Amino acid sequence: MKQKGGYHSWVHRFGIASSLFLFVAMTAFPIAVSAVYGLWPDFKLLWPGFIAVILFMAPYWPAETIGYMSVMGPGALYMSYITGNVTNLRMPATIGTINSLGIKPNTDECHTMAVIACGASIITTVVIVALGVVIAAPLAPVLSSPVIQPAFDYVVPALFGGLVAQTILKGKKQFLYFLAPLAVCLFFCYFTAVNSAYYMLIAIAISVLIYVTDYKSGKNKEKKEA
């Protein structure tokens, strides 16, 4: 028991220390460059975006930490949050590993394999990114060719088109959650002088209002049926 407590204490100390070190390392360079050249971002334009992202992600932060901890354990969780892409890469790698091995979640075996799976996922990501950086220069003339340029122009619309199509196919309510904020954003874009940085805040507020209204109407309907 003492050995287990010592291991977890070490993981938390190492995870917190490495997270703080990498945070300082990532923020030091842009701050140093801004200080040397005297070029600072206009925070009056940035703060609406910061608030919008915080409001959008605030429910996920505690939920992810609590939900992921039982499967990944502290070691893999620190590793995943430092390197990023937890939902898209680290968690699927962990789930696939423990499912293929038949390991129960929230056990020492599960947390050990989570560290191995996340480590392998991180190494794979770094190798692929490194190869992309090395290959990008020789392939620059091909990638910038006018022949294939239209394909890159339609990548983002194709991705969002697939997401919108899934939303529409799920049902009318989900489509309403998407359509109403979009309509309001288009209205502010073409008929008002509101800064575009506020669009996400407006869309979030409208989405919350629609959801709360729909939730209350559904509860009232259930009460009447009961």
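Tabulated results
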item	result
With DNA, RNA and ligands ignored, accessible area of residue 26 (1.4 Å probe; Å², nearest 10)	130
Highest-first arrangement of 118-127, 185-194, where packing means the average Cβ count within 10 Å	118-127, 185-194
Positive-end extreme of charge dipole, the chain - chosen from 46, 149, 107 (charges on Cβ)	107
Segments 204-213, 54-63 sorted - mean Cβ within 10 Å per residue, highest first	204-213, 54-63
Surface share of carbon and sulfur [accessible, 1.4 angstrom probe, percent] for the chain	74
Candidate values (1) -0.18, -0.30; (2) -0.23, -0.39; (3) -0.39, -0.65, label of the one derived for log10 I(q)/I(0) by the Debye sum over Cα atoms at q = 0.07, 0.09 Å⁻¹	(3)
For the chain, accessible area per residue (1.4 Å probe, heavy atoms of protein chains only), Å²	73
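The values are calculated or read from the model by the stated rules, or taken from the named source; none is laboratory data. Since we're looking at a predicted model, the values are computed, not measured. In this analysis, Cβ positions are derived from the backbone assuming ideal geometry, glycine residues included, and neighbour counts consider all displayed protein chains. Quick note on the areas: whole protein, heavy atoms, side chains included, nothing else; ligands and nucleic acids left out. Shrake-Rupley method; radii C 1.70, N 1.55, O 1.52, S 1.80 Å.
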